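Colleague: Let me give you the structure first, and then I'll get to my questions.
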Protein chains: 2
Amino acid sequence: MTTQVNKSVHPFDKARLEALLNRRFFYAPAFEIYGGVAGLYDYGPPGSSLQANIIDQWRKHFIVEEGMLELDTTIMTPAPVFETSGHVARFADWMVKDSKTGDVLRADHLVKNVLEARLAGNLEARGVTAAPQDEKDKKKKKKGAKAAAVALEDGIVKEYETILAQLDNFSGPQLGELCRIHNIRNPDTDNEVGEPQQFNLMFTSSIGPTGQHPGYLRPETAQGHFLNFSRLLEYNNGRVPFASAQIGRSFRNEISPRAGLLRVREFTMAEIEHYVDPEDKNHGKFNEVRDVEIVLLDRHVQEAGGSETKKMKVGDAVDQGVIANQTLGYFVARIYQFLIKVGINPERLRFRQHMANEMAHYATDCWDAEIHNSTGWTECVGCADRAAYDLSVHTAKTGHPLIVRQALKEPIVTEKEAVEWNRKNLGKTFKQDAGSIQKTVESMDEAALVKLKSQLAQGSAVITSMDGKEFQLTPDILTIERKVFKQSIREFTPNVIEPSFGLGRILYTLLEHSFWSREQDVERGVLSLPPLVAPTKVLIVPLSARSEFDPLVLEVSTKLRRAGVFSRVDDSNTSIGKRYARNDELGTPYGVTIDFASVQNRTMTLRERDTMDQRIGSIDDVIATVTELVNGTIDWTEACQRLPVYDGVQAVD
Amino acid sequence: MTTQVNKSVHPFDKARLEALLNRRFFYAPAFEIYGGVAGLYDYGPPGSSLQANIIDQWRKHFIVEEGMLELDTTIMTPAPVFETSGHVARFADWMVKDSKTGDVLRADHLVKNVLEARLAGNLEARGVTAAPQDEKDKKKKKKGAKAAAVALEDGIVKEYETILAQLDNFSGPQLGELCRIHNIRNPDTDNEVGEPQQFNLMFTSSIGPTGQHPGYLRPETAQGHFLNFSRLLEYNNGRVPFASAQIGRSFRNEISPRAGLLRVREFTMAEIEHYVDPEDKNHGKFNEVRDVEIVLLDRHVQEAGGSETKKMKVGDAVDQGVIANQTLGYFVARIYQFLIKVGINPERLRFRQHMANEMAHYATDCWDAEIHNSTGWTECVGCADRAAYDLSVHTAKTGHPLIVRQALKEPIVTEKEAVEWNRKNLGKTFKQDAGSIQKTVESMDEAALVKLKSQLAQGSAVITSMDGKEFQLTPDILTIERKVFKQSIREFTPNVIEPSFGLGRILYTLLEHSFWSREQDVERGVLSLPPLVAPTKVLIVPLSARSEFDPLVLEVSTKLRRAGVFSRVDDSNTSIGKRYARNDELGTPYGVTIDFASVQNRTMTLRERDTMDQRIGSIDDVIATVTELVNGTIDWTEACQRLPVYDGVQAVD
C-alpha cells in the first residue's frame, strides 16, 4: 500500500550533495572567514548530531554489547612514547617537491592522479564516452591532473593498471623511479618533481613553560590503551581475552589534503584494542557471526595486479585461511554489521587485505573495510593484528612488564642444574670481579653447567668471563646441583587485534549513500538517513506561528521527549511544503503537522520522508506509532496499517 | 523502615580517596610507566563512564532542554584567529623563576602558598591546634610551602588575609612587589625569585608540511562557535536569542600543575555561547528559575577584602542589580540545578563574581560556580558576559559581518540631505582626484551639506579635501536634495553570555563529595554517586562462577539492557561480600544476587549500596523495581514498600 519511490532516477551529483551539506551546515571548512586551512572542518548542528548518533550506536554495538572497558586518554603525548612505538621513525608519508615552485605533493597521490588521468584521456581519444558526471567532476577539480585525450598503447594501459592496483605497496624510492620512468610531473604546473622524501605525519608541540618536554599530538588513540594495559588487566580481574575501547580526537599533519572529510588533519576515531592469548586466537562468540557474508579482496589477488573480489561467509574465510584467525574474523563481521546498521550500502562495502609493504610498521595482518564513494574505494575502518609489537616495545623500554600472568591448571615440572653461590667467599676472593663471574656462570647453558659441575667435583674449574679474563673457581665459592622446578604461572605478552574506525569517513560515505533527488524535481535533494542516526527524528510543523498552536506544539514535543524521541519544531514563516523540503535535506525521517483540525479534533498527520506519504490519527496514536518507527520495532508498512491515509484538503506537499 | 547511615562518622581522608581512585582506575597519571608528565591524566573505565554520564546529563539539561545548536569544531587553530581574539597577547599567567635553580613557579600560587603557610604557622605558634587532616595534607606535600611555627603580629595577619582575598586581582608587577616586600621565596629551595614574566598558556604547533601555518591548540572551544556565527544564525532562521553548544577537548600549558584533576594541561570542557540582543537581555524562561536560591559572593565584598556570602533567590539578585541581567541570572540558576542534579553538595557550592582586574580580556562580567573541596573553593563553571567583544574583533579583522539583521516592525523614517553625483562630469573634470572629492563630500555632516547645497544653488562651491587640496564644485557635478529614508532593517552585533564548564573539575569535586567510609570499618570506602551518573547502575553477582547460574545471569543482564539499565556481571572468584565492597568503591548503587534460590524459585535479592539493606522478590519484580530506582521515578523507601526484606540464611555482607 505504500508509495514506491525511485531513488536512482537522477544520477548521483556530487556538486549538488556538497551544496546541500554546506547550505544545511552539516559541516564547513574550519576558519572559513579567515580563508580556511586545508584538512580542517567544523561540524554544524546536523553534522554534530549525526556524528553523535553514530558514536552512540558504536558504543552500544561494541562497548556495551561486548562489555569492553572504555578509556579516555590524553592527546598530548611526550616524545619518548612515540620514539618507542616506532612512530617517530616510521609514521610518515612520501612527499615530492615541485622543482620550481617548491609546492609539496604526496608522492603516491601524484602517481595515482596522473596515471588515472592518462587512462581516462586514452578512453576519450578512443571514443569511449566518459560518464557525464565524470565530466563534471573534472571541471570542478581543474587544479587536478589534466586528462589530455591521448591514446595509449595497449601495453602501457596494462602497465598503468598494474601500477595502480599495487600503488599502496611501493616504497618511496620506487615512487621516485615511477615518476622518472613515466614522466610524471606536477599537473598544476607541468614542472618535474624531486626525489620522494619522508615527511612525518605527527604534529609536534612542547609541554611545560621551558619547552623541556617535546611532545606530539597522537596520530591514533592506541598507545593510550597500551600504556595502561596493566591497570586494564587488573580491572578485568587478570583475565584475557578482553578489549579496551576509546572514542577520541587524533591528528595527522597530512601533506596536502584535498578530499574533504575523506582526508583531514584532525579527526574523531573510535578504536578497540582486543587482547588475546597468542596461542589461542579463537573467539567465544564466533559462531554467532559464522554465516555473515562479506565481500573480500585478498592480498594475493592484489599482488598479482588484480582487484577481483569474492563474496564469502566469514566462517568459510577463516576455515580456509583467507582470514588468519577467528578473532580477526569475528571483528570483520561485527564491523560489517555495524556499518550496515548505520546505513552504509552493503553493495558498496568490501574488506581489502593489506599487501606486505603496505602495512603499518606495527601490523602483521590487516583488513580494511573500504566503502565505495565518488572518489573510489576508501578505507573507513582498519582491522589490524598488531601481534605483541606495542606491548613488547614499551615493556622493553620502560622495564614495566605489560604481560599476562596466568595460573596453570597443571604446573609444568622441569629438572635442571641450579647454581648456588657462597656470596661471602665469592666477594672475598674476587672482589670487583664477583659480578662478572656470576653473570658468566648464570648465562651458561645446561651442557656447560654439567661440565663445570664435574670439574668442581674434581677440585676446581677455570672459566673465561665475557671480557676475556680467566678465573679459577672452587667448591667453596659455588655448588651446582640438579633440582626439580615447578612452574605454576605462565607469563605471556598478549596479541592485540585492533579495529580502528575513522568516524568522519563513515559519516561522509553514509551521506553519499543516502543522497538522492526527487524524480519530479532534481533540485529537491533528500538524505535518506536511517532513523537510528538521523540528526532529528521527528519534525513538528505547526500550520503557522500563531499562538493558538503553541499548547499542542508543547504537548507533542514534551510527549516525544519523554518517549526518548528527539524532535524539533519548525514554526518559521514559510509554507509547510518548504519546511518539509528543508527537512528532507536534513534527513529528518518523519514529520507531524499541527493544524486547525488538531486544535478541534486532536488529530495530527504523520509524513514519511522518502515516500512523502501522509497518514492521520489521534495525537496520541501518532506519537505511539512514530515512537515505534524511530525505535525500529515497526516499519512504515506496518505504520500504514495502523493509521489511515490522509487525504484532507490541506495537502501540504 | 530503611536503615539510617551516618556518612560523616569518619573525617574526610583525601589520601584514602586518592588510593581508591587509583586502585579502581577512575583515573591515573598519563604515561605513568614513562614517569608521567604533570597535568596529564588518563581516565580508566569507571572514570570514563562517570564522565560520559555527566556529559549525557549536560546534553539533556542544556542542549535538548533549551534546543541549543550543537557544534564540533577543530582544536588545531591557525594563529591569526587567536591573534585577533586577543589570546596571543593576553592569555597568559605570571611566572617567576627561582634565582638559582631556574625552576619555574606560577607567581600567584607562590604568594598564596607562602602566605597561607605563614598564617597556619602563626596559628600553630599561638597554640591554636590545626585540624588533624590538615596535618596529614601538609605531610603529603612536603615539597610545598613550609609552615614554620612563627607567631605574626596582628597587623601582618590582617595584611596577609587582605592579600589572599584579593589575590586574583593583582597584576604581574604587583605580585613581584608582594614577593619583595614580604620576602616570598621558593619554598622548595628557599631561594629568591625573579621578576614575574608573562607566560602564554597556549600550546603551539604548525600546520602543513613546510611549517607555513603556525597554529595553536585551542585553550577554549569558544572561538569555534564565534567563527561559525553566520551559519548558526542562518540555521536558526535568522532569529536571536539562540545558543550554540560544544563539548570538546581544550589545552592549556599550565606553568607547574600540581593539583590533580583540578589543574590539568588537557581537559574536556562543555561550552555554551548564548547570543542575545544587547538591548534586551531579558530571558523568556526567567520566571521558571526566579525562586532558585543560590549563595553569592559579589565583587564589592571581595574588593573590600572580605569573603562573606549571601543566600538569595536568583529573581531578587537580578531585581537588585547584584546579577546584571536576566540572561546571566537564568544561566546561573540552570548551572546550579545541573550541578545539584549530578550530585554536587549544595552546601559546598557558591557563585563568586570576578573582580575588575581578574576578568579575562574578553569579559565584561563573570560569575564563577565555585565548588568547595579539600583544596578550598575551586572554579568549576564560569558564566561570563563576553558582550560583543569576540564577534566584533573577528568582523573587523575579516570583513565578514558577524551580525544580526532584524526586520523592524515599524520602519524608522528619517529625512536627510542626499548627494547625487554626475559621475561622467566628475570624472572628466577632476580625473584622479574624483575619488577623493567624493569621499570628502560624503563624509560631511548634515550642517555642512546644507551649507554646500546653498553655495551650489548660487553657482559653485569650494571644498577642501582630506589631504588639503581645494576644488571648485558646480551643479553639473553634483546636486544635493532633501530626501526621506525608510530603514526597515536593524543591524546589530549580538552580545554573548557564556557558561563554560570544566568537566574534570566537576568530576573530581563530585568524587570528593561522594566519598565516605563505613562506620564499622574506616577501610571500607564508599562512593555514593547518584544513580544518574554512577558508572554502573546494577551489579549482577552470581553466587559463584558455576555454569548453572549462566542462563539466569544472561537473562537478567539482557532484561536490564532492554530496560536501558547499564549493568555489569562480577563472577570473579571471591566472596560476595568482597565483590560488593569493591563495587561500593566503584559507586555502583544497586546489586542483585543470583543464588540457588534464584535457580529454584526465580527469586533474586536487591542490595542498596549506602544502607547495605537487602530486599527480595521475583526476578521480574526486582528488575522492574531497580529500573524505576535507576530512572529516579521511585526512591529506596518506596522500593522497600514493594519488596520484602531479605533475611535469608545466606547473609552476604
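The values are calculated or read from the model by the stated rules, or taken from the named source; none is laboratory data. Note that the structure is a prediction, hence the values are computed from the model and not measured. Reconstructed Cβ throughout: ideal geometry from the backbone, glycine too, with neighbour counts over all protein chains shown.
Colleague: Considering each residue of segment A:607-630, count those that are within 18 Å of A:THR558 (Cβ to Cβ) and not in a helix (DSSP H, G or I), and give that number.
Modeller: 1
Colleague: Still on this structure, please answer the following. Which ones in segment A:621-644 are free of Cβ contacts under 8 Å to residues at least 12 places away in the same chain and charged (D, E, K, R)?
Modeller: Matches in segment A:621-644: A:GLU628, A:ASP635, A:GLU638.
Colleague: I would also like to ask the following. Taking segment A:1-52 as the region of interest, how many residues are facing chain B (nearest Cβ under 7 Å) and either modelled with pLDDT under 95 or assigned to a loop (DSSP other than H, G, I, E, B) (or both)?
Modeller: Residues in segment A:1-52 being facing chain B (nearest Cβ under 7 Å) and either modelled with pLDDT under 95 or assigned to a loop (DSSP other than H, G, I, E, B) (or both): 6 in total.
Colleague: Could you tell me whether any residue of segment B:573-587 is small (Gly, Ala, Ser), part of a helix (DSSP H, G or I) and closer than 20 Å to B:PRO551 by Cα?
Modeller: no
Colleague: Sticking with this structure for a sec: Could you please find all residues in segment B:60-85 being more than 7 Å from every other protein chain (Cβ to nearest Cβ) and in contact with an Asp or Glu (Cβ under 8 Å, 6 or more places away or on another chain)?
Modeller: B:ILE63, B:SER85
Colleague: Now a separate question. Out of the residues in segment B:95-113 meeting the condition of being in contact with a Phe, Trp or Tyr (Cβ under 9 Å, 6 or more places away or on another chain) and away from chain A (no Cβ under 11 Å), tell me which one is farthest from B:GLN197 (Cα to Cα).
Modeller: By that ranking, first place goes to B:VAL111.
Colleague: Kindly check whether there is at least one residue in segment B:312-325 that is modelled with pLDDT of 95 or more, under 21 Å from B:ILE63 (Cα atoms) and among the small types (Gly, Ala, Ser).
Modeller: No: segment B:312-325 contains no residue that is modelled with pLDDT of 95 or more, under 21 Å from B:ILE63 (Cα atoms) and among the small types (Gly, Ala, Ser).
Colleague: Within segment A:226-322, which strands (runs of 3 or more DSSP E) (wholly inside it) include 1 or more residues that are hydroxyl-bearing (Ser, Thr, Tyr) and on the phi < 0 side of the Ramachandran plot?
Modeller: Qualifying strands (runs of 3 or more DSSP E): A:242-251, A:266-276.
Colleague: While we're on this one: Residue check, A:GLY35 against (1) in contact (Cβ under 8 Å) with a residue 60 or more places away in the chain; (2) surrounded by fewer than 17 Cβ atoms within 10 Å (Cβ to Cβ), all met but one. Which one?
Modeller: All conditions pass for A:GLY35, except number (1).
Colleague: I'd like to verify a number: residues in segment B:174-216 that are closer than 21 Å to B:SER256 by Cα, part of a loop (DSSP other than H, G, I, E, B) and hydroxyl-bearing (Ser, Thr, Tyr), how many?
Modeller: 1
Colleague: Have a look at B:HIS283, B:HIS300, B:HIS361 and point out the one that is more than 14 Å from chain A (Cβ to nearest Cβ) and surrounded by 14 or more Cβ atoms within 10 Å (Cβ to Cβ).
Modeller: Going through B:HIS283, B:HIS300, B:HIS361 in turn, just one is more than 14 Å from chain A (Cβ to nearest Cβ) and surrounded by 14 or more Cβ atoms within 10 Å (Cβ to Cβ): B:HIS283.
Colleague: I would also like to ask the following. Picking from B:LEU233, B:LEU261, B:LEU227, which residue would you name as being of a type outside the set (S, T, N, Q), surrounded by 21 or more Cβ atoms within 10 Å (Cβ to Cβ), more than 30 Å from A:VAL96 (Cα to Cα) and within 7 Å of another protein chain (Cβ to nearest Cβ)?
Modeller: On inspection, the qualifying residue turns out to be B:LEU227.
Colleague: Still on this structure, please answer the following. Among the numbered criteria (1) at pLDDT below 95; (2) touching a strand residue (DSSP E or B) at 6+ places or on another chain (Cβ under 7 Å); (3) not hydroxyl-bearing (Ser, Thr, Tyr), which one does B:PRO551 miss?
Modeller: Failing condition for B:PRO551: (2).
Colleague: Across segment B:475-493, what is the total count of residues that are in contact with a helix residue (DSSP H, G or I) (Cβ under 9 Å, 6 or more places away or on another chain) and either of a type in the set (Val, Ile, Thr) or surrounded by 22 or more Cβ atoms within 10 Å (Cβ to Cβ) (or both)?
Modeller: 4
Colleague: Which one of the conditions (1) within 16 Å of the chain's Cα centre (by Cα); (2) of a type in the set (D, E, K, R); (3) within 14 Å of chain B (Cβ to nearest Cβ) does A:ASP390 fail to meet, given that it meets all the rest?
Modeller: (1)
Colleague: Still on this structure, I have one more. What is the one condition in (1) under 31 Å from the mean Cα position of the chain (by Cα); (2) farther than 28 Å from A:ALA222 by Cβ; (3) of a type in the set (Lys, Arg) that A:ARG505 does not satisfy?
Modeller: (2)
Colleague: Next up: Scan segment B:372-402 for residues that are of a type in the set (Ser, Thr, Tyr) and assigned to a loop (DSSP other than H, G, I, E, B) and report the count.
Modeller: The number of residues fulfilling the criteria is 2.
Colleague: Name the residue, out of B:ALA333, B:ALA270, that is crowded, with 19+ Cβ neighbours inside 10 Å and either more than 14 Å from chain A (Cβ to nearest Cβ) or touching a Cys at 6+ places or on another chain (Cβ under 8 Å) (or both).
Modeller: None of the others qualify; the one that does is B:ALA333.
Colleague: Something else about it: Within segment A:236-247, which residues are surrounded by fewer than 20 Cβ atoms within 10 Å (Cβ to Cβ) and either touching a Gly at 6+ places or on another chain (Cβ under 6 Å) or not hydrophobic (A, V, I, L, M, F, W, C) (or both)?
Modeller: A:ASN236, A:ASN237, A:GLY238, A:ARG239, A:PRO241
Colleague: Tell me which of these A:PHE331 doesn't satisfy, since it passes every other one: (1) touching a helix residue (DSSP H, G or I) at 6+ places or on another chain (Cβ under 7 Å); (2) touching a residue at least 60 places away in the same chain (Cβ under 8 Å).
Modeller: If we test A:PHE331 against (1) touching a helix residue (DSSP H, G or I) at 6+ places or on another chain (Cβ under 7 Å); (2) touching a residue at least 60 places away in the same chain (Cβ under 8 Å), just (1) comes out false.
Colleague: A:SER205: in contact (Cβ under 8 Å) with a residue 40 or more places away in the chain, within 9 Å of chain B (Cβ to nearest Cβ) and hydroxyl-bearing (Ser, Thr, Tyr), yes or no?
Modeller: When the stated conditions are applied, A:SER205 passes them.
Colleague: Looking at (1) part of a strand (DSSP E or B); (2) within 23 Å of the chain's Cα centre (by Cα), which one does B:ARG490 not meet, given that it meets all the others?
Modeller: Going through the list (1) part of a strand (DSSP E or B); (2) within 23 Å of the chain's Cα centre (by Cα), B:ARG490 breaks only (2).
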